[in-house]
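The block underneath contains the structure these notes are about, expressed in structure tokens.
The values are calculated or read from the model by the stated rules, or taken from the named source; none is laboratory data. Here the structure is a predicted model, which is why all the values come from computation and not from measurement. For neighbour counting, all protein chains shown are included, and Cβ atoms are generated from backbone atoms with ideal geometry for every residue, glycine included.
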Amino acid sequence: MTYSEIYHSVKGAKKMIFNDYQKLAFTTAQYPNIGENPIYCILGLCGETGEVAEKIKKVIRDNNGKFTQEKIIEIEKELGDVLWYIAALATELNLSLDDIASKNLEKLFSRKKRNKIKGNGDNR
Ligand SMILES: [Mg+2]
């Protein structure tokens, strides 16, 4: 099943705007050797995913695992930072976020159709 078929099969689905986000986000990039520094983006991505984990850890530690609206908003901001670094890394590697998202959906819908969602292995 192609992304186009998946897209048209999901009622209410809107056209993806990942590439627009990717282009706009990258205009805010400020780090050494922009355009030749995927390592910086990988390190940033790891750092920001750690920040998401830290926020959630503190919800467990300090709030009995209950996600208040305030905490959810904090986590949302960190997820935005994760998204920024994913977009920057994709740009550094000349990849398109639209293509990444489309190929991921095609993979997942293929697995779903073949009843292979569960299990291990990248190439199920
Ligand atoms: Mg952050």
Within region 75-85, is there a residue that is modelled with pLDDT of 95 or more and in a loop (DSSP other than H, G, I, E, B)? no
Could you tell me whether region 1-23 includes any residue that is at pLDDT 95 or above, surrounded by 10 or more Cβ atoms within 10 Å (Cβ to Cβ), not hydroxyl-bearing (Ser, Thr, Tyr) and not in a helix (DSSP H, G or I)? no
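Sort out which residues of region 90-124 are in a helix (DSSP H, G or I) and without any contact (Cβ under 8 Å) to a residue 12 or more places away in the chain, and write them in order of number.
Filtering region 90-124 for residues in a helix (DSSP H, G or I) gives 90-92, 97-113.
The answer is Asp99, Asn104, Lys107, Leu108, Lys112.
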Taking region 36-74 as the region of interest, how many residues are in a helix (DSSP H, G or I), closer than 26 Å to Thr91 by Cβ and more than 10 Å from the ligand (Cβ to nearest atom)? 9
Return yes or no: is Val59 surrounded by 16 or more Cβ atoms within 10 Å (Cβ to Cβ), without any contact (Cβ under 8 Å) to a residue 40 or more places away in the chain and within 19 Å of Asn19 (Cβ to Cβ)? no
